[in-house]
Protein chains: 2
Amino acid sequence: MRWIRYQYGGRVSYGILEDEQVEEVSGSPFGEYSRTGHRFPLTAVQIRIPFEPLTFYAAGINYEEHVREAAALLGREPDLPEKADIGYRANNALIAHGEPIVIPKDATERVQYEGELVAVIGKQVKRVSEDEALDCILGYTIGNDVSERTWQANDRTLWRAKNTDTFKPMGPWIETNVELDSLQTTVRVNGNAVSQFPTNNMIFGVAHYISEMTRYLTLYPGDMVWMGTDGATENIKAGDTVDVEISGIGTLSNPVIAEE
Amino acid sequence: MRWIRYQYGGRVSYGILEDEQVEEVSGSPFGEYSRTGHRFPLTAVQIRIPFEPLTFYAAGINYEEHVREAAALLGREPDLPEKADIGYRANNALIAHGEPIVIPKDATERVQYEGELVAVIGKQVKRVSEDEALDCILGYTIGNDVSERTWQANDRTLWRAKNTDTFKPMGPWIETNVELDSLQTTVRVNGNAVSQFPTNNMIFGVAHYISEMTRYLTLYPGDMVWMGTDGATENIKAGDTVDVEISGIGTLSNPVIAEE
């Protein structure tokens with residue numbers, strides 16, 4: 001099942017996407033809801049971010065090849081994480097499928113994509129075992145963890161490197177029926193595949209992260225966890241289009257523009 | 001003026017606190033509101049966190065003495081921040097005035113208080129000058145940035161060191177009429193003053209932080225910025241009571257208990 005959030009006739013609603021038709025839902029996927037019977041063509045609605053998250057968790061470094069590529073660029077030894085220490089991103093930076101990534105005037109040319117799987121939490125959990133961890137997940141969407149590498153290397157925190165307004169495209173919808181091992185992530189810039197990896201080839205998987213996190217913290221419906229990216233990443237610039245496809249979920253597509 | 005958020009008769013509302021009386025408000029301080037005329041004694045309501053924040057920003061290292069004390073403990077040279085790089089904390093950890101800080105079973109004895117000024121954003125702003133930055137502030141409350149120092153030193157991120165459930169007491173209310181230079185922060189453990197400093201003696205002040213942050217990000221009504229702490233901090237343990245007083249705002253008081 002696919003959950004979508006959209007604007008139609010000036011109103012923002014959740015809906016269920018079937019056969020390119022959106023059926024309006026009253027309520028939300030995080031609580032009670034009912035189908036209204038009102039259907040619109042997908043092409044007639046404006047897609048919004050799939051939900052407004054409560055806490056925005058991000059695994060950060062979570063694929064070996066990405067660690068090795070990043071270390072090589074800095075001339076350092078790769079430093080693989082030993083534990084599932086979760087990090088954070090910020091909601092101000094979220095934009096929907098189709099909305100532009102805006103590169104600030106004073107950014108360097110090293111603004112790069114990172115295609116990521118996003119786990120959306122649907123149930124409140126604390127101290128959940130790895131075996132039961134995936135039961136709290138409503139579904140999965142796609143994120144692009146856009147990063148300015150010069151700021152990432154030089155600032156004390158990741159605030160503007162990762163959380164500048166528009167640096168977190170997310171969508172286009174939430175897919176609830178996902179077989180993690182079958183997923184493949186492909187990033188395309190202007191239609192050319194620039195990165196491809198098995199999505200579940202993580203250092204610490206979704207279930208392990210959730211189990212470790214909930215030893216100390218409560219996860220709530222509406223929280224989300226971005227799971228990191230693999231491989232090398234390349235610069236994007238104004239005029240480009242960046243697509244992140246995860247097979248079985250969909251394709252998140254965003255144009256890149258320069259700040260005016 | 002003091003904004004309070006409270007539970008009374010099973011319902012959570014915003015109110016205005018005057019002369020130990022809470023007047024119920026319909027609406028919120030972040031949008032439209034009106035006074036209802038219903039008044040209750042402060043002692044009859046259960047105080048909640050003053051609001052549910054959107055994005056939880058934290059300055060982290062922002063007082064010289066704190067940097068020097070922390071460096072001395074680690075046998076390192078003090079490393080003063082050169083720029084106002086903002087960090088993040090997480091809402092799961094927030095608790096209200098009076099609620100217990102729960103020390104996890106596997107925490108070391110190095111769980112410590114940090115008394116902090118909290119700036120509450122009331123207006124949406126982007127690219128605001130330092131001169132105009134304070135205009136977006138609704139008011140100020142008090143935070144205790146409880147930290148497990150062993151985890152803080154060893155984990156890749158601050159997730160459990162700073163964001164374990166109950167590690168972020170906040171309150172008791174928001175004071176809108178604040179003269180930053182006149183504020184004094186005092187932390188008391190079991191009634192004994194253990195830390196005292198001029199609240200505004202920051203490396204980077206509130207206006208500077210907001211101006212720098214909004215070069216890249218939009219601040220929204222309901223965001224907040226925790227401004228850091230000064231001086232040495234000491235261990236707290238089950239059975240203790242920790243008070244953070246900021247003169248002119250109030251006193252945030254929380255008991256400490258052990259996880260069962």
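The values are calculated or read from the model by the stated rules, or taken from the named source; none is laboratory data. Please read all numbers here as calculations on a predicted model, not as lab measurements. FYI the Cβ positions are ideal-geometry reconstructions off the backbone, even for glycines, and counts take in every protein chain you see. Ligands, DNA and RNA are excluded from the accessible area calculation, which covers all protein heavy atoms including side chains. Shrake-Rupley method; radii C 1.70, N 1.55, O 1.52, S 1.80 Å.
Placing +1 on the Cβ of every Lys and Arg and -1 on the Cβ of every Asp and Glu, with nothing else charged, gives the protein assembly as shown a dipole about its Cα centre of roughly 620 debye. Packing, taken as the mean count of other beta carbons within 10 Å per residue, orders the peptides A:105-114, A:45-54 from highest to lowest as A:45-54, A:105-114. Within a straight-line Cα-Cα reach of under 25 Å, A:Lys162 can be paired with the following lysines, leaving aside sequence neighbours fewer than 8 residues apart in one chain: A:Lys83, A:Lys105, A:Lys237, B:Lys83, B:Lys123, B:Lys126, B:Lys162, B:Lys168. Computed from backbone phi with θ = phi - 60° and the Karplus coefficients 6.51, -1.76 and 1.60, the 3J(HN,Hα) list for the range A:115-124 is x, 9, 7, 10, 8, 9, 7, x, 9, 6 Hz; x is used for glycine and proline.
For the range A:82-178, relative contact order (Cα pairs under 8 Å, six or more residues apart, normalised by length) works out to 38 percent. For chain B, the fraction of 1.4 Å probe accessible surface lying on carbon and sulfur atoms is 45 percent.
Take every Cα pair under 8 Å whose residues are at least 6 apart in sequence, average their separation, divide by the length of the range B:125-260, and the relative contact order is 32 percent.
Taking amide hydrogens as placed 1.01 Å from N in the peptide plane, the amide H of A:Val22 sits under 5 Å from those of A:Phe40, A:Leu42, each at least 5 positions away in sequence or on another chain. Of the peptides A:177-188, A:89-100, the ranking by mean beta-carbon count within 10 Å, highest at the top, reads A:89-100, A:177-188. With 40 Å² as the minimum drop in accessible area between chain alone and full protein complex (1.4 Å probe), the qualifying residues in the range A:156-185 are A:Arg156, A:Trp159, A:Asp165. Compared with its chain on its own, the range A:199-244 contains the following residues whose accessible area drops by 40 Å² or more in the full protein assembly (probe 1.4 Å; ligands, DNA and RNA excluded): A:Tyr216.
What you get for the range B:35-129, charging only the Cβ of Lys and Arg (+1) and of Asp and Glu (-1), is a dipole of about 740 debye around the Cα centre.
Of all DSSP bridge pairs formed entirely within chain B, close to 85 percent run antiparallel. Ranking B:Asn192, B:Cys136, B:Asn254 by Cα position along the charge dipole of the range B:105-260, where only Lys, Arg, Asp and Glu carry charges on their C-beta atoms, puts B:Cys136 farthest toward the positive end.
Phi angles across the range A:6-19 convert, under the Karplus curve 6.51 cos²θ - 1.76 cosθ + 1.60 with θ = phi - 60°, into 3J(HN,Hα) values of 8, 10, 8, x, x, 10, 9, 9, 8, x, 10, 9, 9, 6 Hz, Gly and Pro given as x.
Nearest 100 Å² is fine: how much accessible area is buried between B and A, summed over both sides, with a 1.4 Å probe?
Buried surface at the B/A interface: approximately 2900 Å².
Suppose only helical runs count, i.e. DSSP H with n ≥ 4. What mean residue ellipticity at 222 nm does that imply for the protein assembly as shown under -39500 (n - 2.57) per run, divided by all residues and rounded to the nearest 500 deg cm²/dmol? Rounded to the nearest 500, it is -3000 deg cm²/dmol. The mean sequence separation of alpha-carbon pairs under 8 Å and at least six residues apart, normalised by the residue count of chain A, gives a relative contact order of 26 percent.
In terms of its C-alpha gyration tensor, the range B:130-250 comes out oblate, because a/c is 1.5 or above while a/b does not outweigh b/c. For the protein assembly as shown, the solvent-accessible area works out to 41 Å² per residue, with a probe of 1.4 Å and every protein chain left in place. Ordering of B:141-147, B:16-22, A:203-209 by packing is B:141-147, A:203-209, B:16-22, highest average first (other Cβ atoms within 10 Å, averaged per residue).
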